[in-house]
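Asks: First the structure, then my questions, so here it is.
The values are calculated or read from the model by the stated rules, or taken from the named source; none is laboratory data. Given the structure is predicted, the values throughout are model-derived calculations rather than measurements. In this analysis, Cβ positions are derived from the backbone assuming ideal geometry, glycine residues included, and neighbour counts consider all displayed protein chains.
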Amino acid sequence: MSDSPTGPQINPGDIVNWPMLKIDYETSAEKIAALLPPGIEPGARPGVHLTVYNFPVPDEPEFGVVTTIDADFNGEAGLYTLGYGIDQESAIFISQEMNGQPKFPCEVDYYRMGDAVRAKCTHQGYTFLEFDGRVVETLENPETHTETEWWIKVSRGVGMMPTPNYDFPPHVVRVHSTYGTAFHQKVEGQLTLRDSPWDPITELLPIESEVSTRLWTPVFLGREITLQGKLDGEAFWPHADVISGSRWPGTHGGPRRS
């Protein structure tokens, strides 16, 4: 098929206005609940959302993959973010320190060639996600909408005490974004999730439904990042041990990299 003439037009080689590859499926409610720290509740459905993207940060391409799950905080529906795997080191540490955004280094190959859409994500030598598909239909653009992500800003106490000890106790960070849509297309293809001790999606968020995939070209209309509330430090303590800069639990059996 050919793209609709209403699709975004960019200069050859430009890195702006790349569509995001959005992959959605459901897992079990028990799997979702096991990953959420006390104080953050499972959402209405056990949804898992994977987003592969290329976006300039601030003015050079950042290839990334985001893993989120449906979760509520203080009665507000949102997405608990387990990790942003990105290929640009300069954005990792300041994002963690300032906002608690769970970023870690990851190699991401992502492109579209005609109607073909391909993505591959590799972390510490483990290729944990691959997608191979084709655009099959241009969809109507959805209405302007908002999304809320939940991040965790926390700093354990100096000296790594074995009991709960924080220099900055765990707080929920609310990321509230408003989006329009420039272009929207349905994609059909094969999602392959592979076992990885660094990105344990297959183990901790197994696929238990049909997989939905699409290309979404967003229009960024606004973003607010605020501290939303404090979590119980003692109850959170087991969730403080994570893999790399993600929120994947470091005690699940894989590498402990906090």
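Asks: What is the number of the single condition among (1) assigned to a loop (DSSP other than H, G, I, E, B); (2) over 19 Å from L50 (Cα atoms); (3) under 18 Å from the mean Cα position of the chain (by Cα) that P197 does not meet?
Replies: (2)
Asks: Only one residue in R223, R247 is basic (K, R), surrounded by fewer than 19 Cβ atoms within 10 Å (Cβ to Cβ) and either within 28 Å of G125 (Cα to Cα) or touching a residue at least 40 places away in the same chain (Cβ under 8 Å) (or both). Which one? Full working, then the answer.
Replies: Working: R247 fails: surrounded by fewer than 19 Cβ atoms within 10 Å (Cβ to Cβ).
Exactly one of R223, R247 is basic (K, R), surrounded by fewer than 19 Cβ atoms within 10 Å (Cβ to Cβ) and either within 28 Å of G125 (Cα to Cα) or touching a residue at least 40 places away in the same chain (Cβ under 8 Å) (or both), namely R223.
Asks: A further question on this structure: Whether any residue in the stretch 214-221 is of a type in the set (S, T, Y) and assigned to a strand (DSSP E or B) is what I want to check.
Replies: Yes; the residues of the stretch 214-221 include at least one that is of a type in the set (S, T, Y) and assigned to a strand (DSSP E or B).
Asks: Do we have T127 as under 19 Å from H239 (Cβ atoms) and hydroxyl-bearing (S, T, Y) here?
Replies: No: the conditions fail for T127.
Asks: Cβ contacts < 7 Å: first residue over 19 Å from G47 (Cα atoms), restricted to the stretch 187-206; second residue part of a strand (DSSP E or B) and among the acidic types (D, E), any location; separation 6+ or different chain. Result?
Replies: Matching pairs, first to second residue: G189/D132.
Asks: Conditions first: (1) farther than 21 Å from I152 by Cβ; (2) part of a loop (DSSP other than H, G, I, E, B). K22 passes all but one, so which condition is the exception?
Replies: It is condition (2) that K22 fails.
Asks: Run V57 past the list (1) among the β-branched types (V, I, T); (2) out of contact with any helix residue (DSSP H, G or I) (no Cβ under 8 Å at 6 or more places or on another chain); (3) over 20 Å from V242 (Cα atoms) and report the number of the one that doesn't hold.
Replies: (2)
Asks: Need a quick list: strands (runs of 3 or more DSSP E) entirely within the stretch 27-92 having at least 3 residues that are more than 15 Å from the chain's Cα centre (by Cα) and modelled with pLDDT of 95 or more.
Replies: 40-42
Asks: Out of all the residues in the stretch 110-136, which are closer than 18 Å to I207 by Cα and exposed (fewer than 15 other Cβ atoms within 10 Å of the Cβ)?
Replies: D132
Asks: Got a number for residues in the stretch 14-71 being without any contact (Cβ under 8 Å) to a residue 12 or more places away in the chain and not hydrophobic (A, V, I, L, M, F, W, C)?
Replies: Final tally of qualifying residues: 4.
Asks: Quick check on my filter: what residues within the stretch 93-111 are assigned to a strand (DSSP E or B) and either within 16 Å of the chain's Cα centre (by Cα) or not hydroxyl-bearing (S, T, Y) (or both)?
Replies: Result: K103, F104, P105, E107, V108, D109, Y110.
Asks: OK, next. Select, from A29, A91, A33, A71, the only residue that is touching a helix residue (DSSP H, G or I) at 6+ places or on another chain (Cβ under 9 Å) and surrounded by 13 or more Cβ atoms within 10 Å (Cβ to Cβ).
Replies: Matching residue, one of A29, A91, A33, A71: A71.
Asks: Output the residue which, of all residues in the stretch 143-178 that are basic (K, R) and at pLDDT 95 or above, is farthest from L79 (Cα to Cα).
Replies: It comes out as K153.
Asks: Every residue in the stretch 137-173 that is surrounded by 15 or more Cβ atoms within 10 Å (Cβ to Cβ), assigned to a strand (DSSP E or B), more than 21 Å from the chain's Cα centre (by Cα) and of a type outside the set (K, R), please.
Replies: T138, Y166, P169
Asks: Do we find a residue being out of contact with any helix residue (DSSP H, G or I) (no Cβ under 8 Å at 6 or more places or on another chain), at pLDDT 95 or above and not in a loop (DSSP other than H, G, I, E, B) anywhere in the stretch 250-257?
Replies: Looking for residues that are out of contact with any helix residue (DSSP H, G or I) (no Cβ under 8 Å at 6 or more places or on another chain), at pLDDT 95 or above and not in a loop (DSSP other than H, G, I, E, B), one finds none in the stretch 250-257, hence no.
Asks: Here's a follow-up. Checking E210 against (1) within 15 Å of Y25 (Cα to Cα); (2) outside any strand (DSSP E or B); (3) within 19 Å of the chain's Cα centre (by Cα), which test does it fail?
Replies: Status for E210: all satisfied but (3).
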